[in-house]
Amino acid sequence: AEEIHICMSPAAELAMIHLIELCGDDYEIERYERKTKLICEEKEFVFPEDVQPGDALIVFSKKSVLDVAGRLEEQGVDASVIYGSLPPEIRRRQMHLFNKGKTRVVVATDAIGMGLNLPVRRIVFLQTEKFDGVARRPLTVSEVRQIAGRAGRFGIYDSGYVTAMGEEELAFIRERFEEEEQPIEEVNLGFPQVLLDIDGPLDEILKILHSVTPSAPFVKENIDEALSLYELAQKWKDQIDGFEDKRILYRMITCPIDIKDKKVTALWL
């Protein structure tokens, strides 16, 4: 491509410039301002009494989405639902119903922040913590801002609004909402799969890469678990069809499993 457009938070700007300069390319920076006001409400939200048309109610699991949508249905309020594992066709249907006003409310996970243009007037955080694959943790500044930014669709509303259920939760959202994002200081480097074409066992290739120290802001992903699974598979390599195919083997040893759980590891093997 002659020209590539990269849209990002200002927090990623320095890291992205570093990457572009490493590639020997030049760049131009365009800064854009939000076109509608985004206002954090003073009063905490009460469910379901305070539900209004144009609200997007935010939770952080499929189970919670379906639970909230079911409770709204009991109150006579039709809602569209959006979550990460929803098939694309059904997601489009749910968006269409909300866009056409056939559903008054949308109940969604943070999938709503991933490039979905919906006529949302107000974002309501029913939850302010999410499970990130390891533990439940509070939302980060970037997560709050990305989700809250869905409120106040330009051309439909003059302002967007943000609130949360519970006094402490609203105070938390307001604090994150007003806080400046810190520049990204670390960029995680994944394994360059082009190295799989090199002759030699996969564990040696991984160890050679692991011995190289990248320059800042890059940090390498940890390969200890992958090497541990490789060693386990190697003991049974004669019984593993495809062990010599490094691309298949790499996919297998990077499966996101809990290697401390012996039953899970045995099933993997």
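Summary of values
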item: Selection from region 221-247 of residues that are open to solvent by 80 Å² or more (accessible area, probe 1.4 Å), within 30 Å of Val187 (Cα to Cα) and more than 25 Å from the chain's Cα centre (by Cα); result: Glu231, Arg247
item: Members of region 15-39 found to be in contact (Cβ under 8 Å) with a residue 60 or more places away in the chain and either of a type in the set (Val, Ile, Thr) or in contact with a Ser or Thr (Cβ under 7 Å, 6 or more places away or on another chain) (or both), listed by number; result: Thr36, Lys37, Ile39
item: Of all residues in region 137-154 being of a type in the set (A, V, I, L, M, F, W, C) and assigned to a loop (DSSP other than H, G, I, E, B), the one that is surrounded by the fewest Cβ atoms within 10 Å (Cβ to Cβ); result: Phe154
item: Single residue of Phe172, Phe218 found to be farther than 30 Å from Leu38 by Cα and within 23 Å of the chain's Cα centre (by Cα); result: Phe218
item: Residue count, region 221-238 (criterion: out of contact with any Gly (no Cβ under 9 Å at 6 or more places or on another chain) and not in a helix (DSSP H, G or I)); result: 4
item: Region 160-213 - residue that is open to solvent by less than 40 Å² (accessible area, probe 1.4 Å) and not in a helix (DSSP H, G or I) and, of those, farthest from Glu41 (Cα to Cα); result: Gly200
item: Qualifying residues in region 253-266 (those that are of a type in the set (A, V, I, L, M) and assigned to a loop (DSSP other than H, G, I, E, B)) - the one nearest to Gly133 (Cα to Cα); result: Ile257
item: Enumeration of residues in region 88-127 that are under 15 Å from the mean Cα position of the chain (by Cα) and over 23 Å from Ala12 (Cα atoms); result: Ala108, Thr109
item: Evaluation of Asp241 against (1) part of a loop (DSSP other than H, G, I, E, B); (2) touching a residue at least 24 places away in the same chain (Cβ under 8 Å); (3) farther than 30 Å from Ser9 by Cα (one fails), failing number; result: (2)
item: Failed condition for Thr103, given (1) open to solvent by less than 20 Å² (accessible area, probe 1.4 Å); (2) under 30 Å from Ile257 (Cα atoms); (3) hydroxyl-bearing (Ser, Thr, Tyr); result: (2)
item: Options Tyr157, Tyr250; residue that is assigned to a loop (DSSP other than H, G, I, E, B), open to solvent by less than 100 Å² (accessible area, probe 1.4 Å) and modelled with pLDDT of 90 or more; result: Tyr157
item: Count of region 86-126 residues which are more than 22 Å from Gly155 (Cβ to Cβ), assigned to a loop (DSSP other than H, G, I, E, B) and in contact (Cβ under 8 Å) with a residue 60 or more places away in the chain; result: 1
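The values are calculated or read from the model by the stated rules, or taken from the named source; none is laboratory data. Keep in mind that this is a model prediction, so the values were computed, not measured. Cβ atoms come from the backbone with ideal geometry, glycine included; neighbour counts cover every protein chain shown. The area values use the complete protein model at the heavy-atom level, side chains included, leaving out ligands, DNA and RNA. Shrake-Rupley method; radii C 1.70, N 1.55, O 1.52, S 1.80 Å.
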